Amino acid sequence: MAIIIGANAAGSKLKDVVKDYLVGESFEVVDVTKEGQDFIDVTLAVATEVNEQEDNLGIVIDAYGAGPFMVATKIKGMVAAEVSDERSAYMTRGHNNSRMITMGSEIVGEGLAKNIAKGFVNGKYDGGRHQIRAVSYTHLRAHETRHDLVCRLLLEKKKQLKKKKNNHIRQ
């Protein structure tokens with residue numbers, strides 16, 4: 001597991017604090033920050049690396065955390081959370097299977113940022129009753145209810161099975 005981290009100019013100092021903390025805790029940390037990037041480019045870079053391996057996690061830091069969160073949620077398959085406390089960071093892993101968090105350097109201080117990172121990387125997905133929620137995050141379409149999603153997924157599965165059955169009969 002690698003922790004992919006990135007920041008724009010507003011989050012760079014806090015990113016270094018979080019990165020040093022995680023390295024000190026023996027985590028593999030990959031910093032994708034490049035000078036002059038805005039939060040959109042940083043978020044896309046972090047998400048790309050997170051999606052390279054199933055157990056990678058990502059942290060993006062800018063001034064407020066909201067912008068990177070909005071970008072991250074547009075990336076296919078990415079579940080992200082904007083957090084400003086350690087409990088939310090921990091719980092978003094456990095209940096939502098989030099693979100990326102965003103935070104703002106003008107919202108959280110250094111000590112809290114370390115605790116947020118600690119909660120996030122130490123959280124483990126609980127699955128179980130949270131599974132339908134986690135599937136909804138990555139498959140729900142705009143203006144679609146959860147009921148619509150379940151029906152659509154069941155119909156897609158039925159079509160796949162019918163196609164597989166028809167292919168088997170032809171052979």
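Here's the yes/no breakdown for (1) of a type in the set (A, V, I, L, M); (2) modelled with pLDDT of 95 or more; (3) more than 13 Å from Asn122 (Cα to Cα); (4) not in a loop (DSSP other than H, G, I, E, B):
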site: Gln53; (1), (2), (3), (4): no, no, yes, no
site: Lys76; (1), (2), (3), (4): no, no, yes, no
site: Ala81; (1), (2), (3), (4): yes, no, yes, yes
site: Arg93; (1), (2), (3), (4): no, no, no, yes
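Looking for something without any contact (Cβ under 8 Å) to a residue 12 or more places away in the chain, farther than 13 Å from Val121 by Cα, part of a helix (DSSP H, G or I) and open to solvent by 30 Å² or more (accessible area, probe 1.4 Å) - is there at least one such residue anywhere in region 13-21? Checked against the condition, which is being without any contact (Cβ under 8 Å) to a residue 12 or more places away in the chain, farther than 13 Å from Val121 by Cα, part of a helix (DSSP H, G or I) and open to solvent by 30 Å² or more (accessible area, probe 1.4 Å), region 13-21 yields at least one hit. Considering Ile40, Ile3, the condition of being touching a Leu at 6+ places or on another chain (Cβ under 6 Å) and in contact (Cβ under 8 Å) with a residue 12 or more places away in the chain is satisfied by Ile3 alone. For region 92-99, indicate whether the set of residues that are open to solvent by less than 40 Å² (accessible area, probe 1.4 Å), touching a His at 6+ places or on another chain (Cβ under 9 Å) and on the phi < 0 side of the Ramachandran plot is non-empty. Yes, there is a match, as at least one residue in region 92-99 is open to solvent by less than 40 Å² (accessible area, probe 1.4 Å), touching a His at 6+ places or on another chain (Cβ under 9 Å) and on the phi < 0 side of the Ramachandran plot. Somewhere in region 24-41, is a residue open to solvent by less than 40 Å² (accessible area, probe 1.4 Å), over 17 Å from Tyr125 (Cα atoms) and in contact with a strand residue (DSSP E or B) (Cβ under 7 Å, 6 or more places away or on another chain)? Yes - at least one qualifying residue is present in region 24-41. Of all the numbered requirements in (1) part of a strand (DSSP E or B); (2) within 18 Å of Gly104 (Cα to Cα), Gly36 misses one, and that requirement is (1).
The values are calculated or read from the model by the stated rules, or taken from the named source; none is laboratory data. If you're wondering where the values come from, they're calculated on a predicted model, not measured in any experiment. No Cβ is skipped: glycine too gets one built from the backbone with ideal geometry, and neighbour counts run over all protein chains shown. When the accessible area is computed, the model is the full protein with side chains, heavy atoms only, and any ligands, DNA or RNA have been set aside. Shrake-Rupley method; radii C 1.70, N 1.55, O 1.52, S 1.80 Å.
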